[in-house]
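Novice: I'd like to ask some things about the structure below.
The values are calculated or read from the model by the stated rules, or taken from the named source; none is laboratory data. These figures come from a predicted structure and were not determined experimentally. No Cβ is skipped: glycine too gets one built from the backbone with ideal geometry, and neighbour counts run over all protein chains shown.
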């Protein structure tokens with residue numbers, strides 16, 4: 001990139017870009033340091049709705065990455081911002097972990113199982129039959145159905161674990177109501193992140209490792225997009241898709257000298 005065209009706002013996915021398999025991707029610490037040195041605004045985006053920003057910051061710190069809670073933008077936070085924009089200070093029945101519960105409280109939402117405006121589904125490793133039965137009944141009676149992210153699986157120690165997308169399909173199958181996913185690839189998550197940074201799509205870049213979430217969200221929001229090959233998507237898997245990243249690089253380390 002020419003110096004005059006360097007992005008001023010950077011949105012960067014977390015898993016597969018900055019960290020992978022419980023370790024920091026080589027050069028990720030230097031990448032973040034360079035963003036700060038160059039006075040570039042940035043947020044680390046993640047569809048992970050499990051942890052709070054504070055919890056994610058601690059997790060990243062343990063891997064050698066200095067990311068403050070205020071430099072993180074999660075699908076749980078984006079979901080909370082969305083429901084607050086649609087129905088301010090409303091009520092929600094919530095299935096998920098601390099990341100979702102705390103994000104909703106932070107925007108003034110109250111949790112309730114008595115005719116709430118929303119049923120909000122996030123990621124959890126403790127899915128309860130009773131909670132799903134309650135959610136199904138509430139949706140059948142008119143509560144709106146929102147979910148944090150569409151990924152059907154997540155990584156586990158012995159293989160894939162059921163993700164928010166898979167659990168959302170269970171509720172959809174029972175009710176006939178499709179959820180509204182707020183996390184990537186929904187470009188609303190990107191646009192809200194840019195509002196936080198006071199940035200503009202013409203001078204912003206989205207860096208990610210998944211074509212179907214990170215890159216698609218960036219394309220639909222009008223950003224420059226960079227696919228890194230350190231995570232899920234490999235280069236040959238991009239050829240059949242109707243949308244393309246602006247660039248493809250091996251890893252985040254390849255971008256340090258371009259900031």
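Novice: Looking only at the stretch 220-254, which residues are in a helix (DSSP H, G or I) and crowded, with 22+ Cβ neighbours inside 10 Å?
Specialist: 252
Novice: Now for a separate question. Go through (1) in contact (Cβ under 8 Å) with a residue 40 or more places away in the chain; (2) buried (at least 22 other Cβ atoms within 10 Å of the Cβ) one by one and return the number of the condition residue 200 breaks.
Specialist: (2)
Novice: Testing residue 73 on (1) closer than 30 Å to residue 19 by Cβ; (2) more than 14 Å from the chain's Cα centre (by Cα); (3) part of a strand (DSSP E or B), one condition comes back false. Which one is that?
Specialist: Only one criterion in (1) closer than 30 Å to residue 19 by Cβ; (2) more than 14 Å from the chain's Cα centre (by Cα); (3) part of a strand (DSSP E or B) is unmet by residue 73, namely (2).
Novice: While we're here: Looking at (1) within 30 Å of residue 27 (Cα to Cα); (2) in the same structural domain as residue 163 (by TED's automatic domain parsing), which is the one condition that is false for residue 106?
Specialist: For residue 106, the failing item is (1).
Novice: Listed residues 68, 78, 135; which is in contact with a helix residue (DSSP H, G or I) (Cβ under 8 Å, 6 or more places away or on another chain), free of Cβ contacts under 8 Å to residues at least 60 places away in the same chain and either assigned by TED's automatic domain parsing to the domain that holds residue 176 or under 28 Å from residue 212 (Cβ atoms) (or both)?
Specialist: Residue meeting the stated conditions: 135.
Novice: Condition test on residue 193, is it within 12 Å of the chain's Cα centre (by Cα), modelled with pLDDT of 95 or more and closer than 17 Å to residue 47 by Cβ?
Specialist: Against the criterion (within 12 Å of the chain's Cα centre (by Cα), modelled with pLDDT of 95 or more and closer than 17 Å to residue 47 by Cβ), residue 193 qualifies.
Novice: Would you pick out the residues in the stretch 105-130 that are surrounded by 18 or more Cβ atoms within 10 Å (Cβ to Cβ) and under 19 Å from residue 164 (Cα atoms)?
Specialist: Correct list: 118, 119, 120, 121, 122, 123, 124.
Novice: Right, here's the next one. I'd like to know if the stretch 148-165 contains one or more residues that are surrounded by 13 or more Cβ atoms within 10 Å (Cβ to Cβ), assigned to a helix (DSSP H, G or I), in contact with a strand residue (DSSP E or B) (Cβ under 7 Å, 6 or more places away or on another chain) and at pLDDT 85 or above.
Specialist: yes
Novice: Hey, any hits in the stretch 249-257 for a residue that's in contact (Cβ under 8 Å) with a residue 60 or more places away in the chain, closer than 30 Å to residue 118 by Cβ and either in contact with a strand residue (DSSP E or B) (Cβ under 6 Å, 6 or more places away or on another chain) or not assigned by TED's automatic domain parsing to the domain that holds residue 28 (or both)?
Specialist: Looking for residues that are in contact (Cβ under 8 Å) with a residue 60 or more places away in the chain, closer than 30 Å to residue 118 by Cβ and either in contact with a strand residue (DSSP E or B) (Cβ under 6 Å, 6 or more places away or on another chain) or not assigned by TED's automatic domain parsing to the domain that holds residue 28 (or both), one finds none in the stretch 249-257, hence no.
Novice: Could you identify the single residue in 65, 11, 56, 104 that is under 30 Å from residue 179 (Cα atoms), outside any helix (DSSP H, G or I) and in contact with a strand residue (DSSP E or B) (Cβ under 7 Å, 6 or more places away or on another chain)?
Specialist: That would be 11, the only listed residue that is under 30 Å from residue 179 (Cα atoms), outside any helix (DSSP H, G or I) and in contact with a strand residue (DSSP E or B) (Cβ under 7 Å, 6 or more places away or on another chain).
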